[in-house]
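This report concerns only the one structure given below.
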Amino acid sequence: MTVQIITIDGPSGSGKGTLAAKLAEHYQYHLLDSGALYRLLGLSLHKHDLLEKLDSQLDECIQYARQLDIKFETSTSGILVFLDGEDVSQTIRTERVGEYASKVAVVPELRQALFERQRAFAQSPGLVADGRDMATSIFPEAKAKIYLTASAESRAERRVKQLQGMGLDAKINDILANIQARDKRDMEREVAPLKPAKDAYIIDSSELTIDQVFKLMVDYVDSRTI
């Protein structure tokens, strides 16, 4: 049986995660949050004092990437993420861990170590894969490719609300600066830079609600006979 794959790529804060989860539930597909994998690796390397030694101890970092003890569980409150048996669902969504992930993502050898791990998520009946290079690098064979974007300002506002909802302190200027710096790093990296696939359906969510974007996505996916 052919595994149907839907990819959702785009910059940080565009709403990829929320909408990928809604699509996975709608179609009863598996879900891959590839950003979580990079965040988990970044967090693990930081905990083992290796994040600032990527150049000098790359082989050891690659081994950590291949052997990460991670687990995803669904719950009434969303997706729970575990690293080495510890619930890090909220920790990996912080701005600091996002920066760890961005540093990891520019290292070709670490991306390759996580490549097969991501490919293995493609199981019947289908998969919704959320990330930055799902359509361009990991699942180029996907029949439905979505690129979700939004202005840096609107993404910063959403991020502040999200962090405040988690009980975390957040300043709009700091968040905006971090988003702009991460966008630049992701778009200019040599390996798998952030960009839409040539055949991607591009949605700008700056002025749209989640429900409006979700309807656009479902209409598009259905038109691709998924």
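The values are calculated or read from the model by the stated rules, or taken from the named source; none is laboratory data. Source: prediction; values computed, not measured. Cβ coordinates were reconstructed from backbone atoms using ideal geometry, including for glycine residues, and neighbour counts include every protein chain displayed. The accessibility values were calculated without ligands, DNA or RNA, using every heavy atom of the protein model including side chains. Shrake-Rupley method; radii C 1.70, N 1.55, O 1.52, S 1.80 Å.
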Inset, instruction - Scan the chain and hand back the longest stretch that contains none of the GluC sites (Glu not before Pro) lying in DSSP loops with at most 15 other Cβ atoms within 10 Å. - result: 1-140
Inset, instruction - Express the carbon and sulfur contribution to the solvent-accessible surface of the chain as a percent, rounded to the nearest whole number, probe 1.4 angstrom. - result: 49 percent
Inset, instruction - Please state the charge dipole magnitude for the chain, taken about the Cα centre, from unit charges on C-beta atoms (+1 on K and R, -1 on D and E), reported in debye and rounded to the nearest 20. - result: 300 debye
Inset, instruction - List the relative contact order of the range 51-198 as a percent without decimals, with contacts defined as Cα pairs under 8 Å and 6+ residues apart. - result: 21 percent
Legend entry - Label-point separation in nm, S124 to E109, each point 7 Å along Cα→Cβ: 3.9 nm
Legend entry - Which of G167, F115, Q90, positive extreme of dipole for the range 77-195 (C-beta unit charges): F115
Inset, instruction - Please list the non-local residues whose amide H lies under 5 Å from the amide H of S151, H modeled 1.01 Å from N, same-chain partners needing a gap of 5 or more. - result: S206
Legend entry - Given K71/K103; K145/K171; K53/K145; K53/K198, the pairs whose alpha carbons are separated by over 31 Å: K145/K171; K53/K145; K53/K198
Legend entry - the range 1-84 - accessible surface per residue (Å², probe 1.4 Å): 49 Å²
Inset, instruction - Give the shape of the range 45-138 as rounded, prolate or oblate, defined through the alpha-carbon gyration tensor: a ≥ b ≥ c are the square roots of its eigenvalues, a/c under 1.5 means rounded, and otherwise the shape is prolate if a/b is larger than b/c and oblate if not. - result: oblate
Legend entry - In order through the range 110-125: 3J(HN,Hα) via Karplus (6.51 cos²θ - 1.76 cosθ + 1.60), integer Hz, x for Gly, Pro: 6, 4, 5, 5, 8, 4, 5, 4, 6, 4, 5, 6, 6, 10, 4, x
Legend entry - Ranked packing of 159-166, 4-11, 178-185, most packed first, by mean Cβ within 10 Å: 4-11, 178-185, 159-166
Legend entry - Accessible area of H26 in the full protein assembly, 1.4 Å probe (Å², nearest 10): 100 Å²
Legend entry - Nearest-10 value in Å² for the accessible area of D199, using the 1.4 Å probe: 80 Å²
Legend entry - Built amide H within the under 5 Å cut-off of V128, gap 5+: I6, H30, L31, L32
Legend entry - For the range 122-214, size of Cβ-based charge dipole, Lys and Arg +1, Asp and Glu -1, in debye: 120 debye
Legend entry - Pairwise label distance in nanometres, L208 with Q63, each label 7 Å out on the Cα-Cβ vector: 4.6 nm
